[in-house]
1. Ranked from the most accessible area to the least, with a 1.4 Å probe and all protein chains present, what is the order of 40, 24?
2. Wrap a convex hull around the Cα atoms of the stretch 40-103, take a quarter of its surface area, and give that in square nanometres.
3. How many percent of all Cα-Cα pairs in the chain sit more than 18 Å apart?
4. Using only Cα atoms, tell me the angle between helix 3-15 and the longest principal axis of the chain; keep it within 0 to 90° and round to the nearest 10.
5. In terms of Cα to Cα distance under 23 Å, which lysines are near enough to residue 61, apart from those fewer than 8 places away along the same chain?
6. Per-residue ellipticity at 222 nm for the chain, helices alone: DSSP H runs ≥ 4 residues times -39500 (n - 2.57), over residue total, nearest 500 deg cm²/dmol?
Amino acid sequence: DNTTLLSNRSAAYLKSSQKSKALHDAQKCVAIGTMGYKGHSRLAAALQSLGRYEQALGSWKIVLQQDPNNQAALKGVQDCQVAAEEKAAAAAAAVAAEEAAAAAEEAEAEAESAVPDKEEQPDEEEDDLD
């Protein structure tokens, strides 16, 4: 329950790429609430490392409310906004690709159904027009 220890351990976990553990300690630190904006800074960094950019933005903004010149928070907001936009663009591209693939499959199915079966086509010997 010592917020200083939780905050420091969260930073250590983050440095050693143990992102989930860093998030867990940062969340505890914020829940206890005695660290002020530093706990939110740890939480934002952990969320950002996990790709949870919208949530990280919220925490970075809390830091900036209490310390408007905090360079880590200013950079964090900027990085999260760029990453969130890239993530949204990638998601939109994936949806568009899925829709295009589905449309191509549908067009192929329609084309196959438009071609008569070989059995339906008369043999040359049976064709009355010859």
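1. The residues order as 24, 40, largest area first.
2. The directionally averaged projection comes out at 4.3 nm².
3. Result: 66 percent of Cα pairs exceed 18 Å.
4. 40
5. Excluding near neighbours in sequence, the set is 15, 19, 21, 28, 38, 75, 87.
6. That calculation yields -26000 deg cm²/dmol at 222 nm.
The values are calculated or read from the model by the stated rules, or taken from the named source; none is laboratory data. What you are looking at is a predicted structure, and each value in this text was computed from that prediction instead of being measured. What goes into the accessible areas is simple: the full protein's heavy atoms, side chains included, and nothing from ligands, DNA or RNA. Shrake-Rupley method; radii C 1.70, N 1.55, O 1.52, S 1.80 Å.
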